Amino acid sequence: MIYEEETIVDIRLRNTFEEFVETYYKFHEDTAKKLEEYKNDPLNRRAHLSRYPFLKPKKTSYSMVHKLFHYPEFARFNTEIFRKYLFTHLTKKIRGIFKHGQCAKTQISCIKIANDIQKNILTIAITKNTLLANRQWTTRFIKHIRDAGLTNLHKEILVISSTPNDLDGNATHCKNEKEAWAEIYNNGNNFKVIFVCANSVRIADVCKLLHRYTLPTFNGACLKDIVIQYDEAHNLKSGVPQCREMVENMLLYDLVKEFIPITASYTPFTTTKIRYG
């Protein structure tokens with residue numbers, strides 16, 4: 001078969017991207033393991049943290065993607081054409097809901113979730129505890145979900161939060177990622193919506209869940225495409241600015257097809273400018 005030149009380039013870039021993702025996860029796993037080895041060696045531990053500052057306490061344990069090219073493990077990926085491909089590929093997944101306050105952002109979000117359910121797409125919704133605790137919002141959300149054809153909501157909606165909340169008996173509640181994965185695994189990945197509280201611990205849980213989906217121990221026949229919605233995405237304490245490294249981690253997963261920041265703010269999420277060349 002004869003391929004057009006552009007098609008061959010695309011194939012090569014896609015293969016390189018897959019190698020980049022494998023290197024990304026191995027790099028973070030290896031650096032974390034080495035830090036653990038230096039637990040009782042303050043001098044080497046300090047030097048390791050200096051070289052890999054994203055491992056420092058209160059950090060996210062992930063490096064920003066554009067900073068990885070400073071490390072020798074990523075030297076072979078440090079070309080203008082690949083960096084452009086990488087950043088374009090990731091940013092194409094970002095499709096926000098941007099509207100003024102009180103202009104039906106939540107309704108649009110719920111409609112999007114309902115539409116994705118009908119396409120057998122799993123939604124992971126990162127939102128504040130206050131919204132999940134809002135009875136008016138819960139009532140509206142449940143109506144949209146029932147309109148999408150869901151009936152056994154307890155087996156189709158999962159909430160991960162330290163504060164017990166089963167959406168008035170319409171969801172399964174888990175207090176952490178391990179409990180949530182047990183429910184997902186035992187349920188054959190039949191959940192349609194997973195709500196996660198907007199804090200760094202729970203957002204890290206989302207990264208862990210995504211990783212578990214890719215392990216060979218999980219039945220690949222049960223995999224679904226995933227859309228991640230992030231409410232109040234501009235928030236400086238619990239939004240994208242605070243958790244950018246983890247958001248980039250999510251975008252690297254092939255099963256994550258869309259990342260939807262939801263905000264009424266005009267403030268940019270970041271001032272970092274990515275240069276291809």
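Quick note: the coordinates plus some simple rules give every number you see, no bench work behind them. Quick caveat, the model's predicted, so the values are computed rather than measured. Counting neighbours? That spans all protein chains shown, and the Cβs are built from the backbone with ideal geometry, glycine included.
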query = In which sequence would M250, M64 go, from the one with the fewest C-beta neighbours within 10 Å to the one with the most?
reply = M64, M250
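Quick check on the stretch 5-91: what does the Kirkwood estimate of hydrodynamic radius come out to from the alpha carbon pairs, in Å? Numbers along the way, then the final one.
Numbers: mean 1/r = 0.0694 Å⁻¹.
Here the Kirkwood hydrodynamic radius works out to 14.4 Å.
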request  = Give me the distance in nm between label points sitting 7 Å out from Cα along the Cα-to-Cβ direction at I94 and H154, one decimal.
outcome  = 4.1
inquiry  = Based only on other Cβ atoms within 10 Å, what is the fewest-to-most ordering of L215, L122?
reply    = L215, L122
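Whole number please: convex hull volume per residue, Cα atoms of the stretch 122-233, in Å³.
Values: hull volume 11.1 nm³, N = 112.
It is 99 Å³ per residue.
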task = Send over the per residue convex hull volume for the chain, Cα only, as a whole number of Å³.
result = 166
Relative contact order [Cα under 8 Å, 6+ residues apart], the chain, whole percent = 21
task = Distance between Cα centroids, the stretch 55-125 to the stretch 9-28: provide it in whole Å.
result = 17
note = From DSSP H assignment alone, runs of 4+ in the chain each adding -39500 (n - 2.57), the sum over residues rounded to the nearest 500 puts [θ] at 222 nm at -14000 deg cm²/dmol
